[in-house]
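Structure first, commentary second.
The values are calculated or read from the model by the stated rules, or taken from the named source; none is laboratory data. Predicted, not measured: the structure shown is a model, and the values here were computed from it. Here the Cβ is made from the backbone with ideal geometry for all residues, glycine too, and neighbour counts use every protein chain on show. Just so you know, the surface numbers come from the protein's heavy atoms only, side chains and all, with ligands and any DNA or RNA stripped out. Shrake-Rupley method; radii C 1.70, N 1.55, O 1.52, S 1.80 Å.
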Amino acid sequence: MTQTNAVSRRGVIAGGAAGLATAAAGPIAHAQSPGTSPGAPMSAPPTETVSLTINGKAETLTLDTRVTLLDALREHLKLTGSKKGCDHGQCGACTVLVNGRRINSCLTLAVMHEGDKVTTIEGLGSPEQLHPMQAAFVKHDGYQCGYCTPGQICSAVAVLDEIGAGIPSHVTDDLTGEAKFSEMEVRERMSGNICRCGAYSNIFEAIQEVAGEQA
Ligand code: FES
Ligand code: FES
């Protein structure tokens, strides 16, 4: 065999290793930002300062602009009452009140809430002085594991405000055609809050009791 045609085992192994190294480096090279060389330090994520009122207390936070309101509450302010169930707007465990309206705090960025008033379960009442809805949940056993409960209670408070404020009801009286407070109505409005323990009937009893007190 001549030198030109000779393919030594050492050559194949060296060539193959180089090819593998190139192939392995490919995706990594693609992952680099255009214009940056491999190994260059990544630039810091953009941050913004936001001032808002949480449970009556003024807070100013400098946050990565991608931080959700839920993570700002839990990770930055250590208000862990609001729970992260799905992180996708599907379970309601993260429900808080923003300017009196309920929202899923996992679906909104904290920096979008400049000047807003946020109320979490910690701000509704205290262990010494429970909010009527908190007391009713305790009285009616409106929970088992309790994971969904802060979101359920925040949502329930907002539901009664919505009904009281005359926000259009989905359920109307058969005779008069007027909107009415009914189990169906409350269940419909609470349907964004999932309880894996299935404490729904007790939750309804708690809401019904508070609604009766407010009537
Ligand atoms: Fe926000 Fe589930 S954690 S809706
Ligand atoms: Fe367990 Fe609702 S009490 S998920």
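Restricting attention to region 89-102 and to residues that are within 6 Å of ligand 1 (Cβ to nearest atom) and not small (Gly, Ala, Ser), the residue that is surrounded by the fewest Cβ atoms within 10 Å (Cβ to Cβ) turns out to be GLN90.
When LEU63 is tested against (1) out of contact with any Lys or Arg (no Cβ under 6 Å at 6 or more places or on another chain); (2) part of a loop (DSSP other than H, G, I, E, B); (3) at negative phi; (4) open to solvent by less than 50 Å² (accessible area, probe 1.4 Å), exactly one condition is not met: (2).
Every condition in (1) open to solvent by 10 Å² or more (accessible area, probe 1.4 Å); (2) within 14 Å of ligand 1 (Cβ to nearest atom) holds for THR53 except the one numbered (2).
A search for C-beta distances below 9 Å between a residue of region 103-114 that is in a loop (DSSP other than H, G, I, E, B) and any residue that is more than 16 Å from ligand 2 (Cβ to nearest atom) and open to solvent by less than 30 Å² (accessible area, probe 1.4 Å), counting only pairs 6+ apart in sequence or on different chains, returns THR108/THR68; THR108/LEU69; THR108/LEU70; THR108/VAL98; GLU114/VAL50; GLU114/LEU52. Residue pairs whose Cβ atoms lie under 9 Å apart, separated by 6 or more positions or on different chains, with the first residue in region 180-203 and within 18 Å of GLN144 (Cα to Cα) and more than 16 Å from ligand 1 (Cβ to nearest atom) and the second of a type in the set (Asp, Glu) and open to solvent by 50 Å² or more (accessible area, probe 1.4 Å), are ALA199/ASP141; ASN202/ASP141.
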